[in-house]
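Peer 1: One structure coming up, written as structure tokens, with questions to follow.
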Amino acid sequence: MILENSEISGRIDLQKKIEAVAKYWSLIFIALLMIIFSFTGKGFLSLSNFQNIVHLSTVFLLLAGAETFVIITGGIDLSIGFIMGFSSVFSAKIIQVMYSGGASEMVSIVVGSISGLILSLIPGIVNGILIAKYRVPPFIATLGMWGITNGITLKICQGFPISSLPPKLVEIGNSYLLYIMPHKAMSFFRIPPGVADENIRNLIRIFPSSLFFSITVLTILWHLLKNTKFGQHTYAIGGNMDAAIRAGINVKRHLIYIYTLSAFLSGLAGVFNVFQTGIGNFTPYNAMYELFAIAAVVIGGASLMGGKGSIIGSILGVLLLKILENGLQISGIEPFYRFIAVGIILIIAVIIDQLFPDLF
């Protein structure tokens, strides 16, 4: 009897360990990647490289946040990448016209950014109405919007990025909280005066403004999903739509809100991209921003069947993919292997979800 109890206890402990590994596999995988790339990639563990990863992840964190809400409801949004491009080009065009017309840098930037954000709401509202009121499958509705926004964007920019924008854009989008020139100077939010171009390599930059921006937006999204009635309704709709209707949730209105929020976050990513690059850039056909976001959300523990997912999980999914991309690049490995690795990781995530459906 004692032996049997010992065997049962051992099996339970083993099961708990397996479940713990399955639940936190993305964190374990990130740690494993960091260990491997620390040996294969020179400078991978440097402060500047980690800040670069965070900075380049900002757009994808916003898109993954958008996709998280949609996927939890059991839907999918294929239009987020091109809504991002649409917002980027439209806001840049407004900024360009106003700036070239004599408006100040800040007025042009503020008006153009707000215009891009407001206009980005329209595709989301249309998506929501088509899906909620006319029962168009999310895949078809958002795929249609994918083409519409792409066509409008290319018409606006004629296939070329919108340039000749105020230089202040890039200064803001790529700024840091603290700049330190060793043994000489230190300043906040701007490069210390008197730093010559030949000494710029020695300048230490700490805490990119994009990190503060990401933390702020993602904290709001986390609170919205975790601690509000809006978040509870989102999970309820994805878990069982019929039960949500019987519980008195206005499912149609909520879905319109969800797809509008998704479009707004995509528009926010587009506006940030203007600040980051200094141009209004349409989304290239081969960029696959929406597929990257979907992969990150699924890797983070969400289910495409709905009812499961979290902002924290999506953040880990984005970081895992960006660390993988950065590590392969620094290690000198051909970039197309990234697609193979992402595919394998995505399959692993789905298998874990199927084997341990109640963990997340």
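The values are calculated or read from the model by the stated rules, or taken from the named source; none is laboratory data. Just so it is clear, the structure is predicted and the values come from calculations on it, not from any experiment. Methodologically, a virtual Cβ is constructed for each residue, glycine included, from the backbone with ideal geometry; neighbour enumeration extends over all protein chains shown.
Peer 1: Looking at segment 148-189, which of the residues that are at pLDDT 75 or above and of a type in the set (D, E, K, R) is nearest to Gln96 (Cα to Cα)?
Peer 2: Among those residues, the one meeting the criterion is Lys168.
Peer 1: Follow-up. If a residue has to be under 18 Å from Ala66 (Cα atoms) and either among the hydroxyl-bearing types (Ser, Thr, Tyr) or assigned to a loop (DSSP other than H, G, I, E, B) (or both) to count, how many in segment 138-173 make the cut?
Peer 2: 2
Every residue, every condition in (1) of a type in the set (Lys, Arg); (2) surrounded by 15 or more Cβ atoms within 10 Å (Cβ to Cβ); (3) at pLDDT below 90; (4) more than 23 Å from Asn49 (Cα to Cα), yes or no:
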position	(1), (2), (3), (4)
Lys308	yes, yes, no, yes
Leu324	no, yes, no, no
Tyr337	no, no, yes, no
Ala349	no, yes, yes, yes
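Peer 1: Next question. Identify, please: which residue in segment 193-233 is farther than 30 Å from Gly309 by Cα and β-branched (Val, Ile, Thr) and is, among those, modelled with the highest pLDDT? Break it down into steps so the answer makes sense when it comes.
Peer 2: Restricting attention to segment 193-233, the residues satisfying the condition of being farther than 30 Å from Gly309 by Cα are 193-206.
Imposing the further condition that a residue be β-branched (Val, Ile, Thr) reduces the set to 195, 200, 204, 206.
Working: Val195: 66, Ile200: 68, Ile204: 76, Ile206: 85.
Per the stated criteria, the residue is Ile206.
Peer 1: Considering segment 285-333 alone, what residues qualify as being among the aromatic types (Phe, Trp, Tyr) and either in contact with an Asp or Glu (Cβ under 7 Å, 6 or more places away or on another chain) or in a loop (DSSP other than H, G, I, E, B) (or both)?
Peer 2: Looking only at segment 285-333, we keep the residues that are among the aromatic types (Phe, Trp, Tyr), and these are 285, 289, 292.
Hit for segment 285-333 is Tyr285, nothing else.
Peer 1: Which residue is farthest from the chain's Cα centre (by Cα), if the candidates are limited to segment 55-66 and must be surrounded by 18 or more Cβ atoms within 10 Å (Cβ to Cβ) and under 27 Å from Ile204 (Cβ atoms)?
Peer 2: Start the filter on segment 55-66 by keeping residues that are surrounded by 18 or more Cβ atoms within 10 Å (Cβ to Cβ), which leaves 55, 57-66.
Still in the list and also under 27 Å from Ile204 (Cβ atoms): 55, 57-61.
Details: His55: 11, Ser57: 7, Thr58: 6, Val59: 5, Phe60: 3, Leu61: 2 Å.
Step by step, filter segment 55-66, then rank; the result is His55.
Peer 1: Also, I was wondering about something else. Can you find even one residue in segment 247-257 that is under 28 Å from Leu165 (Cβ atoms) and not hydroxyl-bearing (Ser, Thr, Tyr)? Don't jump to the end; show me each part of the working.
Peer 2: Restricting attention to segment 247-257, the residues satisfying the condition of being under 28 Å from Leu165 (Cβ atoms) are none.
No.
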